[in-house]
1. I'd like the full set of residues that are surrounded by fewer than 11 Cβ atoms within 10 Å (Cβ to Cβ) and assigned to a strand (DSSP E or B), limited to the range 86-102.
2. Scanning for something under 16 Å from the mean Cα position of the chain (by Cα), of a type in the set (Val, Ile, Thr) and surrounded by 15 or more Cβ atoms within 10 Å (Cβ to Cβ), does the range 182-201 turn up at least one residue?
3. I need the full set of residues from the range 122-147 which are among the aliphatic types (A, V, I, L, M) and touching a Cys at 6+ places or on another chain (Cβ under 7 Å), in order please.
4. Looking at the range 26-63 only, could you name the residues that are crowded, with 20+ Cβ neighbours inside 10 Å and of a type in the set (Lys, Arg)?
5. Given (1) modelled with pLDDT of 95 or more; (2) buried (at least 17 other Cβ atoms within 10 Å of the Cβ), identify the lone condition not met by Ala83.
6. Is there any pair with a first residue in the range 217-237 that is within 16 Å of Val138 (Cβ to Cβ) and a second that is surrounded by 10 or more Cβ atoms within 10 Å (Cβ to Cβ) and of a type in the set (Val, Ile, Thr) whose Cβ atoms are under 9 Å apart and which are 6 or more apart or on different chains, and what are they?
7. Would you list the helices (runs of 4 or more DSSP H) that sit entirely within the range 137-253 and hold 2 or more residues that are closer than 26 Å to Ala125 by Cβ?
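The values are calculated or read from the model by the stated rules, or taken from the named source; none is laboratory data. Predicted model, so just to flag it, every value in this text is computed and none were measured. Neighbour counts are summed over all protein chains in view; Cβ atoms, including those assigned to glycine, are modelled from backbone coordinates with ideal geometry.
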Amino acid sequence: MHRFLITALAGAALMAASATQAAETPEAPAHDWSFTGLFGTYDRDALRRGFQVYKEVCSSCHAMKRVAYRNLGSIGFSGGEIAEIAAEYEVEDGPDEDGEMFFRPARPADRFVSPFENEAAARAANGGAYPLDLSLIVKAREGGADYIRALLVGYRDEPPEGFELNVGMYYNDYFPGHQIAMPAPMVEDQVEYEDGTPATIEQMAEDVTVFMTWAASPEMEARKNMGISVLIFLVVLTGMLYALKRQIWSDVH
């Protein structure tokens with residue numbers, strides 16, 4: 001009984017601490033995304049810019065193992081561009097005729113090459129913290145795209161007065177508990193957009209969030225189109241059935 005009471009009190013304290021932490025963490029503000037709503041679609045320009053941000057900023061730490069280079073064709077890249085992008089990386093292949101593994105330039109069919117060989121190497125390079133794979137990050141985080149964007153723009157150079165920041169941690173307005181191991185990944189004009197769009201932190205955060213949303217749900221547009229087609233079919237079918245019903249019962253009335 002005594003042990004049960006201690007366990008219950010500890011659990012209650014943990015729940016109270018979690019509730020307090022949640023209350024102190026502001027909810028990510030809703031953003032106006034092109035892909036929301038029944039007729040929403042991905043902004044192709046934003047997708048290309050977002051891939052550029054991922055490639056030049058995020059990919060040095062974060063993998064996207066579920067995305068293949070050839071998938072970039074669906075966001076507007078040509079076959080030649082995809083082959084050129086893939087060839088910038090090397091993947092292990094084999095065995096060859098001698099039974100040895102070897103490295104070759106990546107091909108469009110290969111998945112995005114990870115920045116680290118394994119989790120241990122990733123942790124060693126990041127002070128013990130493990131950089132998450134970003135393939136499904138939008139689905140994995142409550143708040144989805146709104147939260148990811150808010151997190152990227154929510155860093156502060158200094159924590160609020162009275163807030164005790166642990167060594168090696170960084171303050172973020174929207175991260176639970178406000179302490180995050182990842183330093184602010186973006187600075188103004190960190191990339192040079194090919195279309196001339198100013199590379200502000202807010203713009204880069206928005207663009208890379210669009211790209212990560214697409215990576216997590218590349219089938220979204222096809223799914224919405226199918227849903228719209230089904231709705232149109234049901235409306236037409238309902239009209240036909242109603243007309244048939246009136247025809248059948250016309251003699252009765």
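1. Narrowing the range 86-102 to residues surrounded by fewer than 11 Cβ atoms within 10 Å (Cβ to Cβ): 92, 95-101.
Within the range 86-102, Glu92 is the sole residue that qualifies.
2. No, that holds for no residue.
3. Taking the range 122-147 first, the residues among the aliphatic types (A, V, I, L, M) are 122, 124-125, 129, 132, 134, 136-138, 140, 145.
Correct list: Leu134 only.
4. Hits for the range 26-63 are Arg48, Arg49.
5. (2)
6. Hits for this filter: Ser217/Val138; Pro218/Val67; Pro218/Ile75; Met220/Thr41; Met220/Thr213; Glu221/Thr41.
7. By residue number, 137-140, 144-153, 201-216.
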